[in-house]
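J.: Sharing a structure with you now.
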Amino acid sequence: MSDDDRANPLGGYLRARRALVTPEQAGLAAGANRRVPGLRREEVALLAGISADYYLRLERGRDKNPSAQVLESLARVLRLDEVEQDFLLGLAASRPRTQRRQRKPERVPARLHQLLASVQVPAFVEGRAFDVLASNQLAVALSPRLQPGYNRLRSLLLDPEEQAFQQDWTRSAEGFIAAFRKSIGDDIDNPRFVELVGEFSLSSERFRTLWARHDIRGLDGGSTTVNHPVVGELQLHRDKLPVDGLLLVLYYPDQGSESDEKLRVLASLARTAGLPNN
């Protein structure tokens, strides 16, 4: 992540988002000789009902305490959805660095290990940076990249096997990167986040392109389709449950479906292979 983003996350977010809104979307005439993608600063200010000078101060980090009313007006102009607007409000309300809570190591409590071993669907625990911290036998059978020590975003961006595993890799990458930025929030000095952003910026063009957009998205639940190398296509639901600052992730099929039958086959193969719970 750039030094400018760390020093002025609110300004960086505003700049990135206004670059994605066309004059036509904002109800303005595009005109000729536009030198910037998206909206100009003065256009955003006009549409939001604030002065151009005040908006400039916001983008340059000179005013760090805008009102909620101003931010909601900017969110409307920048066509932010509810999740993105909440993120914008959170950036403006960031705690001073000296008052931030001390970071604690991410550790999986014993009861979660017991739960992982008892559930009959692929399940694992991940941290805020999408590091896999614990997993059960069936999760590893579903994907060996769900073993502890793997980072899910790294696998998605850099591992060809994971890219083949995802039926819609393009959409998955967009969602994961947007959720990664949401997870970072205002914790822009977190060493793990800084390490991963630096690594992916150097190694993945896809990450660089999507990261520059400043997209924000939740990745809490839903459905996905994956291509398993042994049992073939699986249609699974995904739920993420917060536990002690971590996320318990479960994948499960519709009961009685073809994917349910395939998952039973996969579970049998995992038991035969003696895959451990981690």
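The values are calculated or read from the model by the stated rules, or taken from the named source; none is laboratory data. Just so we're clear, the structure is a prediction, and the values are computed from it rather than from any experiment. Cβ atoms come from the backbone with ideal geometry, glycine included; neighbour counts cover every protein chain shown. The accessibility values were calculated without ligands, DNA or RNA, using every heavy atom of the protein model including side chains. Shrake-Rupley method; radii C 1.70, N 1.55, O 1.52, S 1.80 Å.
J.: Can you pull the percent of the stretch 124-176's accessible area that's carbon plus sulfur, 1.4 Å probe, other chains left in place?
T.: In the stretch 124-176, the share of accessible area belonging to carbon and sulfur is 46 percent.
J.: Given contacts defined as C-alpha pairs under 8 Å and at least six residues apart, what's the relative contact order of the stretch 107-185, whole-number percent?
T.: Dividing the mean separation by the residue count of the stretch 107-185 yields 22 percent.
J.: May I pose another question? If amide H atoms are built 1.01 Å from N in the plane of the peptide, which residues on other chains or at least 5 residues away come under 5 Å of the amide H of Ser135?
T.: Under 5 Å from the amide H of Ser135: Val125, Asn278.
J.: Now for a different question. Rounded to the nearest whole Å³, what is the per residue volume of the convex hull around the Cα atoms of the stretch 125-278?
T.: Normalising the Cα hull of the stretch 125-278 by residue number yields 110 Å³.
J.: Any idea what angle helix 9-18 forms with the longest principal axis of the chain, computed on alpha-carbon atoms, 0 to 90 degrees, nearest 10?
T.: 80 degrees
J.: At 0.36 nm per residue, and after removing the present C-alpha to C-alpha distance, how many nm does the segment from Glu72 to Glu42 gain when stretched out fully?
T.: 9.1 nm
J.: Please report, in debye to the nearest 20, how large the charge dipole of the stretch 109-200 is about its Cα centre when each Lys and Arg carries +1 at its beta carbon and each Asp and Glu carries -1 there.
T.: Dipole about the Cα centre, nearest 20: 280 debye.
J.: So, one more: With charges set only on the Cβ (+1 for Lys and Arg, -1 for Asp and Glu), what does the dipole of the stretch 25-149 come to about its Cα centre, in debye to the nearest 20?
T.: 600 debye
J.: Using Cα pairs closer than 8 Å and at least 6 residues apart in sequence, work out the relative contact order for the chain, in percent.
T.: Rounded, it is 17 percent for the chain.
J.: Right, another one. With a cut-off of 8 Å between alpha carbons and a minimum separation of six or more residues, what is the relative contact order of the stretch 116-267 in percent?
T.: That works out to 24 percent.
J.: Where the accessible area of the stretch 177-273 is counted over protein heavy atoms with a 1.4 Å probe, how much of it, in %, is carbon and sulfur?
T.: The nonpolar share, carbon plus sulfur, comes to 50 percent.
J.: Which lysines have a Cα less than 23 Å from the Cα of Lys64, not counting those fewer than 8 places away in the same chain?
T.: By straight Cα distance, Lys64 reaches Lys182.
J.: Which value, in debye to the nearest 20, gives the size of the charge dipole of the chain about its Cα centre, when Lys and Arg are +1 and Asp and Glu are -1 at the Cβ?
T.: Once rounded to the nearest 20, the dipole reads 860 debye.
J.: Go through the stretch 116-127 residue by residue and turn each phi into a ³J(HN,Hα) via Karplus (6.51, -1.76, 1.60, θ = phi - 60°); whole Hz please, and just put x for glycine and proline.
T.: Whole-Hz 3J(HN,Hα) from phi for the stretch 116-127: 4, 6, 9, 6, 9, 10, x, 8, 8, 10, 10, x.
J.: While we're here: Using the alpha carbon gyration tensor of the stretch 92-212, what are the three equivalent-ellipsoid semi-axes (square root of 5 times each eigenvalue), largest first, in whole Å?
T.: Square roots of five times the eigenvalues give 25, 22, 11 Å.
J.: Which entry in (i) 37; (ii) 29; (iii) 26 is this structure's computed percent of Cα pairs over 31 Å apart?
T.: Computing percent of Cα pairs over 31 Å apart and matching it to (i) 37; (ii) 29; (iii) 26 gives (i).
J.: Could you do me a favour and compute the accessible area per residue for the chain, 1.4 Å probe, result in Å²?
T.: Roughly 52 Å² per residue, with all protein chains present.
J.: Given DSSP loops and a limit of at most 16 other Cβ atoms within 10 Å, what is the longest stretch of the chain that contains no such GluC sites (Glu not before Pro)?
T.: Looking at the chain, 107-278 is the longest stretch - no exposed GluC sites (Glu not before Pro) with at most 16 other Cβ atoms within 10 Å.
J.: Also, I was wondering about something else. Put +1 on the Cβ of every Lys and Arg and -1 on every Asp and Glu Cβ in the chain; which of Leu248, Gly175, His214 then has its Cα farthest towards the positive end of the dipole?
T.: Farthest towards the positive pole: His214.
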